[in-house]
1. Which members of the stretch 31-53 meet the condition of being over 8 Å from the mean Cα position of the chain (by Cα), buried (at least 18 other Cβ atoms within 10 Å of the Cβ) and at pLDDT 90 or above?
2. Quick check on my filter: what residues within the stretch 98-113 are part of a helix (DSSP H, G or I) and either among the small types (Gly, Ala, Ser) or exposed (fewer than 12 other Cβ atoms within 10 Å of the Cβ) (or both)?
3. In the stretch 59-73, what count of residues is obtained for those that are modelled with pLDDT of 95 or more and farther than 13 Å from Ile88 by Cα?
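The values are calculated or read from the model by the stated rules, or taken from the named source; none is laboratory data. This structure is a prediction, so every number in the text was calculated from the model and none was measured. We place every Cβ from the backbone using ideal geometry, glycine too, and count neighbours over all the protein chains shown.
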Amino acid sequence: MAPSICYEDIFGSDLLDFFPESDVLINITNNAWFGKSIASAQHFQMSRMRAIESGRYLLRSTNTGISAVIDPKGKINATSRPYEYAVITGNFYPMEGRTLYMLWGDAFSFILGIFLMTTGVIIGMLRLKN
């Protein structure tokens, strides 16, 4: 199990130390400090990315935000609404293996960014010549 508390789940690279041994992600968070802003929904979307990056189920429990069971592809299997007293149930399965993100971490995004910038500069220079 790879536990995270509050906003720790928005930093994918911080969770890499738990893999590949961890077979499920767990996040317990207090979203009350967001109030009724969209920040709670944004935090939830960032949490979904951790499930996708790790190829693991994410079990998320919040006091005022969105609690959910999220599958390794980011699909929401069970959820509650913000500020709703609820007990949610859903199936999850321990997962194994490594994802591209586990192998490369944030380096993949950095390399892709450099590639896209270089491509943009080359295309721009070719257009200036013509």
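1. Those that are over 8 Å from the mean Cα position of the chain (by Cα), buried (at least 18 other Cβ atoms within 10 Å of the Cβ) and at pLDDT 90 or above: His43, Phe44.
2. Quick first cut of the stretch 98-113, residues part of a helix (DSSP H, G or I) only: 100-104, 107-113.
Hits for the stretch 98-113 are Leu100, Ala107, Ser109, Phe110, Ile111, Leu112, Gly113.
3. Residues flagged as modelled with pLDDT of 95 or more and farther than 13 Å from Ile88 by Cα within the stretch 59-73 amount to 3.
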